[in-house]
């Protein structure tokens, strides 16, 4: 039995790093503590409990995690400090050794945080409660609202792919998911809370169904029936799992946005083999061509990693040439970071930091040009925009269904409302298009 009295008149501060899935899970932790009477600390107020949800996708993410933990401790010197997330799962003893950390929770424990808070007294050294990767099995529903207008609905967790460069299967366990019925109920709750846009998130969302025997396309069909949701977006989905059926469904749906995000990782088939990816460039090109065939104005975002072990100058040139011949809208460029325990460490041909930086700049410049061209191609189109609640001076911003950023004079009546506009001229200063009403 949990002693509720220890939470009386307590406040909590939350720090989240990494992916949108982490933000959804931090929100679930916050709801759990709120149910026990813990209020969110106001800005500038010292909290009684600090929860830091970490990332570990790169060495930089680890450093940011350590910095954020120490920052939270400085800002809240008397707080009971809980650290969770991927960094906590992968390197729990390192985290526990940071002065001021009281509790380290692994992936299996983090969404049941109250269970481990039987005492809020500071510890001499952080207590570690984690499970081995093979024991990470639970799926806890999570949904969060960002500081703008979108809600992020966790539909899947974990991954079975074990790509050579990636630690996620070790940090989050095997693929698992919620039921369609439960996720649909959460979408209905978002509507009741006034949400208008829901982003479906997870580690490998196209792999949905391992837990329940259901399919991702069936989930999309059921969510599409939820009245009151103006717009859904599908977050990153593996190209081999983005079926023509899903693409055609999005093309025929009035609620699912014409917006796709696919991890390519490399435009060289040789590098894709080193990465242990489950597709080749031919399959990827076919997916892009299919999207353009049925949704010519769709936004297509692509992830690429530069500088992995074994990426020679020739292989990078192949990757660049493939990207230049592919009709994407924007690149998300990541610099390879060596992660302990991954198979990539056994590959020869490490790439020098300077070379990584140069390759990254080439692709970032390509991406900047493509994004501007895509925006300009939308000028004069009539589109529906969901305007964000955060203001920047006298301006407000929003996104069209196909993810074109637009700006307008700030108007409180437009906040969290879908308005039809004409996409106006491009502003380099705003990196956005003007909304014409």
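The values are calculated or read from the model by the stated rules, or taken from the named source; none is laboratory data. Note that the structure is a prediction, hence the values are computed from the model and not measured. With ideal geometry, Cβ positions are generated from the backbone for all residues, glycine too; neighbour counts draw on all protein chains shown.
Annotations
- Filtered by the rule that a residue be within 20 Å of the chain's Cα centre (by Cα) and either in a helix (DSSP H, G or I) or without any contact (Cβ under 8 Å) to a residue 12 or more places away in the chain (or both), the stretch 195-214 gives 205, 206, 207.
- Wholly within the stretch 24-125, helices (runs of 4 or more DSSP H) carrying at least 1 residues that are farther than 17 Å from residue 168 by Cα, at pLDDT 95 or above and touching a strand residue (DSSP E or B) at 6+ places or on another chain (Cβ under 7 Å): 59-75, 92-96
- Residue list for the stretch 161-194, filter: more than 30 Å from residue 339 (Cα to Cα) and touching a residue at least 60 places away in the same chain (Cβ under 8 Å): 194
- Residues of the stretch 65-95 that are more than 20 Å from residue 41 (Cβ to Cβ) and in contact with a helix residue (DSSP H, G or I) (Cβ under 9 Å, 6 or more places away or on another chain): 65, 66, 86, 87, 88, 89, 90, 91, 94, 95.
- For residue 185, the test of being in the same structural domain as residue 224 (by TED's automatic domain parsing), under 16 Å from the mean Cα position of the chain (by Cα) and under 18 Å from residue 220 (Cα atoms) is failed.
- Meets criteria (more than 22 Å from residue 169 (Cβ to Cβ) and buried (at least 21 other Cβ atoms within 10 Å of the Cβ)) for residue 197: yes
- Residue in the stretch 270-278 that is under 19 Å from residue 327 (Cβ atoms) and either at pLDDT 95 or above or in contact with a strand residue (DSSP E or B) (Cβ under 9 Å, 6 or more places away or on another chain) (or both) present: no
- Any hit, the stretch 398-414, residues being loosely packed, with under 14 Cβ neighbours inside 10 Å and assigned to a strand (DSSP E or B): yes
- In the stretch 215-250, residue nearest to residue 196 (Cα to Cα) [restricted to those that are within 20 Å of the chain's Cα centre (by Cα) and in a loop (DSSP other than H, G, I, E, B)]: 235
- Of the residues making up the stretch 264-278, those that are touching a helix residue (DSSP H, G or I) at 6+ places or on another chain (Cβ under 8 Å) and crowded, with 20+ Cβ neighbours inside 10 Å number 9.
- None of 159, 163, 135 is under 29 Å from residue 177 (Cα atoms), surrounded by fewer than 23 Cβ atoms within 10 Å (Cβ to Cβ) and more than 20 Å from the chain's Cα centre (by Cα) except 135.
- Every condition in (1) out of contact with any strand residue (DSSP E or B) (no Cβ under 7 Å at 6 or more places or on another chain); (2) in a loop (DSSP other than H, G, I, E, B) is met by residue 322 except one, and the failing one is (2).
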